[in-house]
Amino acid sequence: MTIKNFIQDVIQHIKNKMFSSRYVVKGKCKKCGQCCSTILLSDENGYIKTQEDFIKLQKENRSVRNFIINGRVEDVDKDSPQYGALLFKCRVLKDDGRCGRYFLRSLFCRDYPSINPYFIQMGGTTLDGCGYYFDVNKKFEEYLKD
Ligand code: SF4
Ligand code: SF4
């Protein structure tokens, strides 16, 4: 990872912490490995859909060099921006679904599933079968009103 990528990761991490207080992540990791093998990547033009664009992104961002192509999104509406996007798998994911360098993993990995308020408001959820889920972070008094 370059210094630039590291700084970008730190800024994103801080943003997530600052603007996501309305939501919380609950649950527990089941170590299924899905989140490390069905990764979507994007550049300034949207989701990466070709090998050429992936190679270009790898040159610009060293942190995606650990990924290999693992499939393509085809089970969504053809009008969806995700349709045709490549799915990536991390090389250090072990066969038992655990991370091969858990203590050295990036902030991006540590933050998963990160809270993106817009994504959640639009109905976004964690991956099917993931042990984590998003919930509203209600204050104690709000529970008393329900
Ligand atoms: S998808 Fe969820 S349960 Fe599965 S490894 Fe990732 S965080 Fe854990
Ligand atoms: S470094 Fe570990 S946690 Fe991050 S994507 Fe790879 S296997 Fe998953």
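Things to note:
- Residues satisfying the stated conditions in region 104-121, i.e. more than 10 Å from ligand 2 (Cβ to nearest atom) and over 16 Å from the mean Cα position of the chain (by Cα): Gln121
- Some residue of region 29-41 being away from ligand 1 (no atom under 14 Å from the Cβ), at negative phi and either touching a residue at least 60 places away in the same chain (Cβ under 8 Å) or more than 16 Å from the chain's Cα centre (by Cα) (or both): no
- Hits in region 90-140 - residues which are surrounded by 13 or more Cβ atoms within 10 Å (Cβ to Cβ), within 15 Å of ligand 1 (Cβ to nearest atom) and polar (S, T, N, Q): Ser106, Ser114, Thr126
- From Lys89, Lys145, Lys78, Lys138, residue being modelled with pLDDT of 90 or more, farther than 25 Å from Val10 by Cα and not aliphatic (A, V, I, L, M): Lys78
- Test: Tyr83 is over 16 Å from the mean Cα position of the chain (by Cα), outside the structural domain of Ile14 (by TED's automatic domain parsing) and surrounded by 12 or more Cβ atoms within 10 Å (Cβ to Cβ): yes
The values are calculated or read from the model by the stated rules, or taken from the named source; none is laboratory data. Model, not experiment: these values are computed from the prediction. Reconstructed Cβ throughout: ideal geometry from the backbone, glycine too, with neighbour counts over all protein chains shown.
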